[in-house]
Amino acid sequence: MIGTEALYTKAAPFFAKLKERFLLSLPGSSKETWHIILDIAGSGLGYKVGDSIAILPSHNPLLIEKTLQSLHLTGNEKITCKRTARSFSLRDYFTNHVSITRIPRDFEAAEGYELWDYLLDHPKTLSAQEIADLLPPLLPRFYSIASAQEASANEIHLTVAITSYTSRGHLRLGVGTHFLCHMEPATVPIYLQSSKDFTVPHQEADLIMVGPGTGVAPFRGFMQKRLVENHSGRNWLFFGEQKRSTDFLYEDFWMDLSSKRLLQLSLAFSRDQEEKIYVQHRMMEEASELWKWLEKGSYFFVCGDASRMAKDVEATLLQIAQNEAGFDLEKARLFLKDLRKTGRYLRDIY
């Protein structure tokens, strides 16, 4: 079934059933992280570990009502999408097709607004068609698949952390995460985003996996596949979060693998002690053994935050190469460049 990426697209998605969802984070956590199970039976979709899916979300009905009220419109008005020439009711258009959390480019720039409260502070008289023409499209949201099809043939699992923040005195909710975790969609429109190289390379490969927070998602799939197919390669996971007592995502799974000596586990819970400890600190503590793994041909995978974590992990890798092999900085950089070139340093960062 592998190689079915083109079966479904943004214009023609598969409508998966929301089979199950439950909280991974425990009471007392400052985060809200969910495990989502989508039923893809009958889709013909084949995915490999490391792939992602695109979700086509719908807006929160409360947000739609606020936006319609700010425009003094009912939502029953008929409009024509200027991009596709298709006709919709304005309510349907707001729900599924355009972003109402972003301010149109034609409006005066303003930070921290959604459309509804921007219009309350900057009243405008616009017809349904005029506002429809101004709004940017509602973009798909991409999530790493947290399962292996070899273990869950008709399911796709996701690890989703709720996005929320406060601006101008109002709570703002991430469109995609709220849709998946808090709303009750009858179906979830999806299509596959295949990964070229970010996947288990072969049965004998040793894998070092760095996946703090929801970045651990693909590595759950990696290990499911390796278990089903009885891979002989070694596995080492660096996982980090805030508190072990509330934020150890998939703790039972990882600890069971560790107890069976199928997984080496290095944990970094940043708020369990006075000094913040992150995955890169655990890497440095394990520098000698980590370098031995790399010298013996291990693959090095990183998944998660691009803005800080991935940069810190790379800087730590460079430092380890200098400390353990005696490289100068330029030679360490060449070493990482060679790892990339040979497909042994792989990142899925966002």
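In segment 295-350, how many are under 30 Å from Phe142 (Cβ atoms) and hydrophobic (A, V, I, L, M, F, W, C)? Step through it out loud before you land on a result.
Step one: list which residues in segment 295-350 are under 30 Å from Phe142 (Cβ atoms), which gives 298-318, 333, 336-350.
Those still in the list that are hydrophobic (A, V, I, L, M, F, W, C) too: 300-303, 306, 309-310, 313, 315, 317-318, 336, 339, 346, 349.
Summing the residues that are under 30 Å from Phe142 (Cβ atoms) and hydrophobic (A, V, I, L, M, F, W, C) in segment 295-350 gives 15.
Annotation note: of Glu130, Glu150, the sole residue that is within 25 Å of Tyr250 (Cα to Cα) and either at pLDDT 95 or above or surrounded by 13 or more Cβ atoms within 10 Å (Cβ to Cβ) (or both) is Glu150. Residues in segment 236-283 that are in contact with a Phe, Trp or Tyr (Cβ under 8 Å, 6 or more places away or on another chain) and not hydrophobic (A, V, I, L, M, F, W, C): Gly240, Glu241, Gln242, Lys243, Arg244, Asp247, Gln264, Ser266, Ser270, Arg282.
Scanning segment 285-300 for residues that are in contact with a helix residue (DSSP H, G or I) (Cβ under 7 Å, 6 or more places away or on another chain) and surrounded by 19 or more Cβ atoms within 10 Å (Cβ to Cβ) yields Leu290, Phe300.
Here is a list: Ile131, Ile156. Which entry is in contact (Cβ under 8 Å) with a residue 60 or more places away in the chain and within 26 Å of Thr214 (Cβ to Cβ)?
On the way: Ile131 fails: within 26 Å of Thr214 (Cβ to Cβ).
Being in contact (Cβ under 8 Å) with a residue 60 or more places away in the chain and within 26 Å of Thr214 (Cβ to Cβ) holds for just one of Ile131, Ile156, which is Ile156.
Within segment 4-40, how many residues turn out to be among the β-branched types (Val, Ile, Thr) and closer than 18 Å to Ser194 by Cα?
Residues flagged as among the β-branched types (Val, Ile, Thr) and closer than 18 Å to Ser194 by Cα within segment 4-40 amount to 3.
Filtering segment 89-120 to residues that are part of a loop (DSSP other than H, G, I, E, B), within 17 Å of Gly176 (Cα to Cα) and not aliphatic (A, V, I, L, M) leaves His97, Ser99, Thr101, Arg102, Glu114.
For every residue, the table says whether it meets (1) among the aromatic types (Phe, Trp, Tyr); (2) in a strand (DSSP E or B).
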residue	(1), (2)
Ala11	no, no
Phe15	yes, yes
Lys19	no, yes
Phe22	yes, yes
Leu26	no, no
Ser29	no, no
Ile37	no, yes
Gly42	no, no
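Yes or no, residue by residue, for (1) exposed (fewer than 14 other Cβ atoms within 10 Å of the Cβ); (2) in contact with an Asp or Glu (Cβ under 8 Å, 6 or more places away or on another chain); (3) free of Cβ contacts under 8 Å to residues at least 12 places away in the same chain:
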site	(1), (2), (3)
Met283	no, no, no
Glu330	yes, no, yes
Asp338	yes, no, yes
Lys341	yes, no, yes
Tyr350	no, yes, no
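In the set (1) more than 24 Å from Thr199 (Cα to Cα); (2) in contact (Cβ under 8 Å) with a residue 60 or more places away in the chain, Val313 fails one condition alone, (1).
The values are calculated or read from the model by the stated rules, or taken from the named source; none is laboratory data. Values in this document were obtained by computation on a predicted structure and should not be read as measured data. Positions of Cβ are generated from backbone atoms using ideal geometry, with glycine treated the same way; all protein chains shown enter the neighbour counts.
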